[in-house]
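Have a look at the structure below before the remarks.
The values are calculated or read from the model by the stated rules, or taken from the named source; none is laboratory data. Quick caveat, the model's predicted, so the values are computed rather than measured. Please note: Cβ atoms are built from the backbone with ideal geometry, for glycine as well, and neighbour counts cover all protein chains shown.
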Amino acid sequence: MIFNMKRGLAKEKILQLLNTSKKPLSGEFIAKSIGISRTAVWKNIQNLKKAGFNIITTAKGYLLKDNDELSPEDFEDFKIKTICLKETSSTMDVAKIEMENSAEKVLVIAEKQTQGRGRLGREWISQEGGAWFSLGIRPKIALKECFIFTYIAGLAVVKAILEVTGLPTFLKWPNDVIYKKSGQEKKLAGILLEVKGEVDMVNYIIIGIGVNVNNSISNFEPTAISIKEILKYPISKKRLIQKILIKIFKLMDLPSIEILKMWKRNSITLGRSVKIIQPNREIIGLALDISEDGALIVQTPDMFLYKIYSGDCIHAKII
Ligand code: BTN
(Lines give C-alpha, C1' and ligand atoms only; values in the text may rest on other atoms or scores of the structure.)
Protein backbone atom coordinates (compact mmCIF):
# COMPACT_ATOMS: atom_id res chain seq x y z
CA MET A 1 0.00 0.00 0.00
CA ILE A 2 1.12 3.53 -0.70
CA PHE A 3 0.76 5.56 2.48
CA ASN A 4 2.81 8.52 1.38
CA MET A 5 0.55 9.57 -1.47
CA LYS A 6 0.68 13.34 -1.83
CA ARG A 7 -2.24 14.90 0.04
CA GLY A 8 -3.62 16.83 -2.89
CA LEU A 9 -3.54 13.78 -5.12
CA ALA A 10 -5.48 11.65 -2.61
CA LYS A 11 -8.16 14.34 -2.38
CA GLU A 12 -8.50 14.51 -6.12
CA LYS A 13 -8.73 10.71 -6.40
CA ILE A 14 -11.37 10.57 -3.67
CA LEU A 15 -13.40 13.24 -5.46
CA GLN A 16 -13.12 11.47 -8.79
CA LEU A 17 -14.21 8.16 -7.21
CA LEU A 18 -17.18 9.75 -5.47
CA ASN A 19 -18.11 11.58 -8.65
CA THR A 20 -18.40 8.35 -10.64
CA SER A 21 -20.71 6.72 -8.10
CA LYS A 22 -24.41 7.37 -7.60
CA LYS A 23 -24.38 5.22 -4.41
CA PRO A 24 -22.50 6.05 -1.19
CA LEU A 25 -18.96 4.64 -1.06
CA SER A 26 -17.60 3.21 2.19
CA GLY A 27 -14.36 4.49 3.71
CA GLU A 28 -12.94 0.98 3.34
CA PHE A 29 -13.75 0.82 -0.37
CA ILE A 30 -12.19 4.23 -1.01
CA ALA A 31 -9.11 3.34 1.05
CA LYS A 32 -8.54 0.12 -0.92
CA SER A 33 -9.25 1.69 -4.30
CA ILE A 34 -6.67 4.42 -3.98
CA GLY A 35 -4.19 2.74 -1.63
CA ILE A 36 -4.39 4.88 1.51
CA SER A 37 -5.48 4.09 5.08
CA ARG A 38 -9.10 4.50 6.26
CA THR A 39 -7.95 7.19 8.67
CA ALA A 40 -6.39 9.04 5.76
CA VAL A 41 -9.68 8.75 3.86
CA TRP A 42 -11.58 10.14 6.86
CA LYS A 43 -9.14 13.04 7.28
CA ASN A 44 -9.26 13.88 3.58
CA ILE A 45 -13.06 13.80 3.60
CA GLN A 46 -13.16 16.21 6.57
CA ASN A 47 -10.81 18.59 4.75
CA LEU A 48 -12.84 18.36 1.57
CA LYS A 49 -16.02 19.18 3.50
CA LYS A 50 -14.26 22.17 5.08
CA ALA A 51 -13.17 23.26 1.62
CA GLY A 52 -16.84 23.41 0.64
CA PHE A 53 -17.39 20.09 -1.16
CA ASN A 54 -20.89 18.85 -0.62
CA ILE A 55 -20.05 15.39 0.77
CA ILE A 56 -22.80 13.70 2.77
CA THR A 57 -21.92 10.98 5.30
CA THR A 58 -24.53 8.22 5.26
CA ALA A 59 -24.71 4.87 7.08
CA LYS A 60 -23.41 3.24 3.89
CA GLY A 61 -20.59 5.67 3.29
CA TYR A 62 -19.83 8.95 1.60
CA LEU A 63 -21.86 10.57 -1.15
CA LEU A 64 -20.83 13.59 -3.21
CA LYS A 65 -23.73 15.83 -4.14
CA ASP A 66 -23.63 18.19 -7.09
CA ASN A 67 -25.97 20.80 -5.84
CA ASP A 68 -25.34 22.72 -2.72
CA GLU A 69 -28.63 24.51 -2.22
CA LEU A 70 -28.03 28.17 -1.75
CA SER A 71 -29.83 30.37 0.74
CA PRO A 72 -29.58 34.08 1.62
CA GLU A 73 -27.82 33.16 4.91
CA ASP A 74 -24.83 31.91 2.90
CA PHE A 75 -24.26 35.49 1.77
CA GLU A 76 -25.19 37.45 4.90
CA ASP A 77 -21.56 38.60 5.44
CA PHE A 78 -21.94 40.79 2.36
CA LYS A 79 -24.81 42.71 3.95
CA ILE A 80 -26.75 42.82 0.69
CA LYS A 81 -30.37 41.91 0.16
CA THR A 82 -30.07 38.40 -1.30
CA ILE A 83 -32.70 36.48 -3.22
CA CYS A 84 -32.12 32.78 -3.98
CA LEU A 85 -34.52 31.24 -6.47
CA LYS A 86 -35.03 27.70 -7.73
CA GLU A 87 -36.05 28.94 -11.14
CA THR A 88 -36.59 32.31 -12.77
CA SER A 89 -36.70 33.81 -16.25
CA SER A 90 -33.40 35.66 -15.73
CA THR A 91 -31.71 36.91 -12.58
CA MET A 92 -31.25 40.19 -14.52
CA ASP A 93 -35.05 40.69 -14.56
CA VAL A 94 -35.41 40.08 -10.82
CA ALA A 95 -32.45 42.34 -9.98
CA LYS A 96 -33.92 45.04 -12.21
CA ILE A 97 -37.27 44.96 -10.39
CA GLU A 98 -35.46 45.26 -7.05
CA MET A 99 -33.32 48.18 -8.22
CA GLU A 100 -36.36 49.94 -9.72
CA ASN A 101 -37.98 49.52 -6.29
CA SER A 102 -35.08 51.45 -4.79
CA ALA A 103 -32.94 48.64 -3.35
CA GLU A 104 -29.47 50.03 -2.59
CA LYS A 105 -27.84 46.75 -3.60
CA VAL A 106 -29.21 43.34 -4.46
CA LEU A 107 -27.87 39.87 -5.17
CA VAL A 108 -30.10 37.48 -7.10
CA ILE A 109 -29.05 33.85 -7.58
CA ALA A 110 -31.02 31.20 -9.47
CA GLU A 111 -30.52 27.45 -9.76
CA LYS A 112 -32.00 27.59 -13.24
CA GLN A 113 -32.97 30.33 -15.73
CA THR A 114 -35.61 29.76 -18.37
CA GLN A 115 -34.71 32.87 -20.36
CA GLY A 116 -31.08 33.44 -19.45
CA ARG A 117 -29.59 36.08 -21.70
CA GLY A 118 -26.10 36.75 -22.95
CA ARG A 119 -24.53 39.71 -24.70
CA LEU A 120 -26.02 41.13 -27.88
CA GLY A 121 -29.42 39.61 -27.15
CA ARG A 122 -28.18 36.04 -27.34
CA GLU A 123 -29.66 33.16 -25.38
CA TRP A 124 -27.65 31.96 -22.36
CA ILE A 125 -28.38 28.33 -21.60
CA SER A 126 -28.71 28.09 -17.82
CA GLN A 127 -29.35 24.56 -16.62
CA GLU A 128 -29.10 23.44 -12.98
CA GLY A 129 -25.57 23.19 -11.63
CA GLY A 130 -24.29 26.48 -13.03
CA ALA A 131 -23.71 29.67 -11.06
CA TRP A 132 -26.20 32.17 -12.48
CA PHE A 133 -26.39 35.41 -10.59
CA SER A 134 -26.82 39.18 -10.84
CA LEU A 135 -25.50 41.89 -8.60
CA GLY A 136 -27.27 45.26 -8.59
CA ILE A 137 -25.29 48.26 -7.31
CA ARG A 138 -25.49 52.07 -7.36
CA PRO A 139 -21.97 53.41 -7.87
CA LYS A 140 -21.66 57.19 -7.98
CA ILE A 141 -20.11 57.41 -11.43
CA ALA A 142 -20.86 58.78 -14.89
CA LEU A 143 -22.22 56.57 -17.65
CA LYS A 144 -18.92 56.51 -19.54
CA GLU A 145 -17.12 55.04 -16.50
CA CYS A 146 -19.36 51.97 -16.27
CA PHE A 147 -17.23 49.89 -18.64
CA ILE A 148 -14.84 49.16 -15.77
CA PHE A 149 -17.37 46.85 -14.13
CA THR A 150 -17.11 44.39 -17.03
CA TYR A 151 -13.37 44.23 -16.46
CA ILE A 152 -13.80 43.99 -12.68
CA ALA A 153 -16.28 41.13 -13.00
CA GLY A 154 -14.13 39.19 -15.48
CA LEU A 155 -11.06 39.53 -13.29
CA ALA A 156 -13.00 38.55 -10.18
CA VAL A 157 -14.19 35.36 -11.88
CA VAL A 158 -10.68 34.42 -13.06
CA LYS A 159 -9.19 35.04 -9.60
CA ALA A 160 -11.97 33.19 -7.79
CA ILE A 161 -11.79 30.14 -10.08
CA LEU A 162 -8.04 29.95 -9.53
CA GLU A 163 -8.39 30.13 -5.74
CA VAL A 164 -11.25 27.68 -5.46
CA THR A 165 -10.17 25.10 -8.06
CA GLY A 166 -6.53 25.80 -8.95
CA LEU A 167 -7.54 26.09 -12.62
CA PRO A 168 -5.89 28.84 -14.67
CA THR A 169 -8.34 30.72 -16.87
CA PHE A 170 -7.98 33.70 -19.18
CA LEU A 171 -9.90 36.75 -20.30
CA LYS A 172 -11.05 37.19 -23.85
CA TRP A 173 -12.18 40.67 -24.81
CA PRO A 174 -14.64 41.97 -23.92
CA ASN A 175 -15.80 39.66 -21.18
CA ASP A 176 -15.43 35.91 -21.71
CA VAL A 177 -13.61 33.69 -19.24
CA ILE A 178 -11.76 31.05 -21.18
CA TYR A 179 -10.19 27.71 -20.32
CA LYS A 180 -7.55 26.39 -22.67
CA LYS A 181 -7.96 22.71 -23.42
CA SER A 182 -5.61 20.94 -25.83
CA GLY A 183 -4.97 24.14 -27.75
CA GLN A 184 -8.69 24.97 -27.94
CA GLU A 185 -10.32 27.91 -26.20
CA LYS A 186 -13.46 26.93 -24.31
CA LYS A 187 -15.82 29.38 -22.65
CA LEU A 188 -16.23 28.82 -18.93
CA ALA A 189 -18.04 32.01 -17.97
CA GLY A 190 -19.59 35.17 -19.36
CA ILE A 191 -20.48 38.59 -18.05
CA LEU A 192 -23.38 40.83 -18.95
CA LEU A 193 -23.62 44.44 -17.85
CA GLU A 194 -26.93 46.30 -17.85
CA VAL A 195 -26.97 49.96 -16.91
CA LYS A 196 -29.63 52.55 -16.21
CA GLY A 197 -28.66 56.15 -15.90
CA GLU A 198 -28.06 59.58 -17.30
CA VAL A 199 -24.85 60.71 -18.96
CA ASP A 200 -23.56 62.39 -15.79
CA MET A 201 -24.79 59.95 -13.21
CA VAL A 202 -25.59 56.26 -13.23
CA ASN A 203 -28.80 55.22 -11.54
CA TYR A 204 -27.84 51.56 -11.18
CA ILE A 205 -25.73 48.84 -12.75
CA ILE A 206 -26.58 45.17 -12.86
CA ILE A 207 -23.65 42.83 -13.29
CA GLY A 208 -24.80 39.44 -14.54
CA ILE A 209 -22.39 36.56 -14.15
CA GLY A 210 -22.81 33.07 -15.52
CA VAL A 211 -20.23 30.41 -14.69
CA ASN A 212 -20.47 26.85 -15.97
CA VAL A 213 -19.75 25.10 -12.68
CA ASN A 214 -21.39 21.68 -12.16
CA ASN A 215 -23.66 21.77 -15.21
CA SER A 216 -23.16 19.55 -18.22
CA ILE A 217 -22.65 21.45 -21.43
CA SER A 218 -25.07 20.50 -24.18
CA ASN A 219 -24.04 19.43 -27.66
CA PHE A 220 -25.36 22.77 -28.91
CA GLU A 221 -22.47 24.58 -27.22
CA PRO A 222 -19.29 23.02 -28.64
CA THR A 223 -17.20 26.02 -27.59
CA ALA A 224 -18.20 25.88 -23.90
CA ILE A 225 -17.02 23.79 -20.97
CA SER A 226 -17.85 23.50 -17.25
CA ILE A 227 -15.59 23.25 -14.21
CA LYS A 228 -17.02 19.81 -13.44
CA GLU A 229 -16.19 18.62 -16.93
CA ILE A 230 -12.59 19.77 -16.51
CA LEU A 231 -12.00 18.47 -12.98
CA LYS A 232 -14.24 15.38 -13.29
CA TYR A 233 -15.93 16.23 -10.01
CA PRO A 234 -18.36 18.91 -8.82
CA ILE A 235 -17.23 21.84 -6.70
CA SER A 236 -19.05 24.05 -4.23
CA LYS A 237 -21.03 26.67 -6.11
CA LYS A 238 -21.61 28.51 -2.86
CA ARG A 239 -17.89 28.91 -2.26
CA LEU A 240 -17.24 30.04 -5.79
CA ILE A 241 -19.97 32.70 -5.75
CA GLN A 242 -18.81 33.94 -2.34
CA LYS A 243 -15.24 34.20 -3.64
CA ILE A 244 -16.33 36.05 -6.79
CA LEU A 245 -18.25 38.58 -4.67
CA ILE A 246 -15.29 39.10 -2.31
CA LYS A 247 -13.07 39.75 -5.33
CA ILE A 248 -15.55 42.14 -6.96
CA PHE A 249 -15.84 44.27 -3.82
CA LYS A 250 -12.05 44.36 -3.36
CA LEU A 251 -11.43 45.30 -6.99
CA MET A 252 -14.06 48.03 -6.83
CA ASP A 253 -11.81 49.93 -4.39
CA LEU A 254 -8.95 50.10 -6.90
CA PRO A 255 -8.39 52.81 -9.50
CA SER A 256 -9.47 51.87 -13.04
CA ILE A 257 -5.91 52.00 -14.30
CA GLU A 258 -4.93 49.19 -11.88
CA ILE A 259 -7.92 47.09 -12.93
CA LEU A 260 -6.98 47.46 -16.58
CA LYS A 261 -3.35 46.53 -15.87
CA MET A 262 -4.48 43.33 -14.14
CA TRP A 263 -7.01 42.57 -16.86
CA LYS A 264 -4.32 42.91 -19.52
CA ARG A 265 -2.03 40.52 -17.63
CA ASN A 266 -4.75 37.86 -17.72
CA SER A 267 -5.88 38.52 -21.28
CA ILE A 268 -5.52 36.12 -24.20
CA THR A 269 -6.74 38.70 -26.70
CA LEU A 270 -3.89 41.21 -26.61
CA GLY A 271 -1.08 40.49 -29.05
CA ARG A 272 -3.38 38.31 -31.12
CA SER A 273 -4.85 38.66 -34.58
CA VAL A 274 -8.55 39.32 -34.16
CA LYS A 275 -11.68 39.79 -36.18
CA ILE A 276 -14.16 42.23 -34.63
CA ILE A 277 -17.71 41.86 -35.82
CA GLN A 278 -20.03 44.84 -35.37
CA PRO A 279 -23.54 45.25 -36.83
CA ASN A 280 -22.30 47.51 -39.65
CA ARG A 281 -18.66 46.49 -40.16
CA GLU A 282 -15.89 43.98 -39.56
CA ILE A 283 -12.38 44.92 -38.51
CA ILE A 284 -9.46 42.58 -38.87
CA GLY A 285 -6.16 43.39 -37.24
CA LEU A 286 -3.83 43.02 -34.31
CA ALA A 287 -5.24 43.55 -30.80
CA LEU A 288 -2.72 45.97 -29.32
CA ASP A 289 -4.03 47.32 -26.05
CA ILE A 290 -6.96 48.44 -23.92
CA SER A 291 -7.35 52.21 -23.75
CA GLU A 292 -7.98 54.06 -20.48
CA ASP A 293 -11.62 54.41 -21.44
CA GLY A 294 -11.97 50.65 -21.93
CA ALA A 295 -11.74 50.28 -25.71
CA LEU A 296 -9.86 47.51 -27.47
CA ILE A 297 -7.23 49.08 -29.72
CA VAL A 298 -6.84 47.22 -32.98
CA GLN A 299 -4.23 47.94 -35.64
CA THR A 300 -5.25 46.96 -39.16
CA PRO A 301 -2.69 45.71 -41.74
CA ASP A 302 -2.73 49.21 -43.32
CA MET A 303 -1.61 50.61 -39.94
CA PHE A 304 -4.88 52.31 -38.97
CA LEU A 305 -5.70 52.24 -35.26
CA TYR A 306 -9.29 51.56 -34.26
CA LYS A 307 -10.82 51.97 -30.82
CA ILE A 308 -13.45 49.28 -30.39
CA TYR A 309 -16.05 49.71 -27.67
CA SER A 310 -18.33 46.81 -28.47
CA GLY A 311 -18.72 43.86 -30.77
CA ASP A 312 -17.89 40.22 -31.09
CA CYS A 313 -14.24 39.29 -31.03
CA ILE A 314 -12.90 36.25 -32.80
CA HIS A 315 -9.35 35.18 -32.20
CA ALA A 316 -7.70 34.20 -35.44
CA LYS A 317 -4.33 32.53 -35.90
CA ILE A 318 -3.63 33.90 -39.38
CA ILE A 319 -5.11 36.99 -40.99
C1 BTN B 1 -22.29 36.45 -22.32
O2 BTN B 1 -21.19 35.90 -22.31
O3 BTN B 1 -22.90 36.61 -23.36
C4 BTN B 1 -22.87 36.93 -21.01
C5 BTN B 1 -23.58 35.82 -20.26
C6 BTN B 1 -24.18 36.29 -18.94
C7 BTN B 1 -25.03 35.21 -18.31
C8 BTN B 1 -25.49 35.62 -16.93
S9 BTN B 1 -26.20 34.27 -16.04
C10 BTN B 1 -26.76 35.35 -14.81
C11 BTN B 1 -27.30 36.56 -15.53
N12 BTN B 1 -28.66 36.33 -15.96
C13 BTN B 1 -28.78 36.32 -17.29
O14 BTN B 1 -29.85 36.14 -17.91
N15 BTN B 1 -27.59 36.53 -17.85
C16 BTN B 1 -26.55 36.71 -16.88
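Restricting to the range 66-95, name every residue that is charged (D, E, K, R) and touching a strand residue (DSSP E or B) at 6+ places or on another chain (Cβ under 6 Å).
If the condition is that a residue be charged (D, E, K, R) and touching a strand residue (DSSP E or B) at 6+ places or on another chain (Cβ under 6 Å), then Lys81, Lys86, Glu87 are the ones that fit.
Filter the range 101-122 down to the residues that are within 12 Å of the ligand (Cβ to nearest atom) and modelled with pLDDT of 95 or more and list them by number.
Across the range 101-122, the qualifying residues are Leu107, Val108, Ile109, Ala110, Glu111, Lys112, Gln113, Thr114, Gln115, Gly116, Arg117, Gly118.
Pro168 versus (1) in a loop (DSSP other than H, G, I, E, B); (2) touching a residue at least 40 places away in the same chain (Cβ under 8 Å): which is the lone unmet condition?
Pro168 satisfies all of (1) in a loop (DSSP other than H, G, I, E, B); (2) touching a residue at least 40 places away in the same chain (Cβ under 8 Å) except (2).
Quick grid of which residues meet (1) crowded, with 17+ Cβ neighbours inside 10 Å; (2) touching a strand residue (DSSP E or B) at 6+ places or on another chain (Cβ under 6 Å); (3) among the basic types (Lys, Arg); (4) over 30 Å from Leu17 (Cβ atoms):
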{"position": "Lys243", "(1), (2), (3), (4)": "yes, no, yes, no"}
{"position": "Pro255", "(1), (2), (3), (4)": "no, no, no, yes"}
{"position": "Arg265", "(1), (2), (3), (4)": "no, no, yes, yes"}
{"position": "Gly271", "(1), (2), (3), (4)": "no, no, no, yes"}
{"position": "Val274", "(1), (2), (3), (4)": "yes, yes, no, yes"}
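Filter the range 111-134 for residues that are surrounded by fewer than 24 Cβ atoms within 10 Å (Cβ to Cβ), in contact (Cβ under 8 Å) with a residue 24 or more places away in the chain and in contact with a Lys or Arg (Cβ under 9 Å, 6 or more places away or on another chain) and give the result.
Glu111, Lys112, Trp124, Gln127, Glu128, Gly129, listed by residue number.
With (1) away from the ligand (no atom under 15 Å from the Cβ); (2) buried (at least 19 other Cβ atoms within 10 Å of the Cβ) as the list, and Lys140 as the residue in question, which single condition is left unmet?
The number of the failed condition is (2).
So is Lys261 in contact with a strand residue (DSSP E or B) (Cβ under 7 Å, 6 or more places away or on another chain) and either outside any helix (DSSP H, G or I) or not small (Gly, Ala, Ser) (or both) or not?
Considered against the rule, which asks whether it is in contact with a strand residue (DSSP E or B) (Cβ under 7 Å, 6 or more places away or on another chain) and either outside any helix (DSSP H, G or I) or not small (Gly, Ala, Ser) (or both), Lys261 comes out as no.
Could you please let me know if Phe133 is near the ligand (Cβ under 9 Å from one of its atoms) and out of contact with any Phe, Trp or Tyr (no Cβ under 9 Å at 6 or more places or on another chain)?
yes
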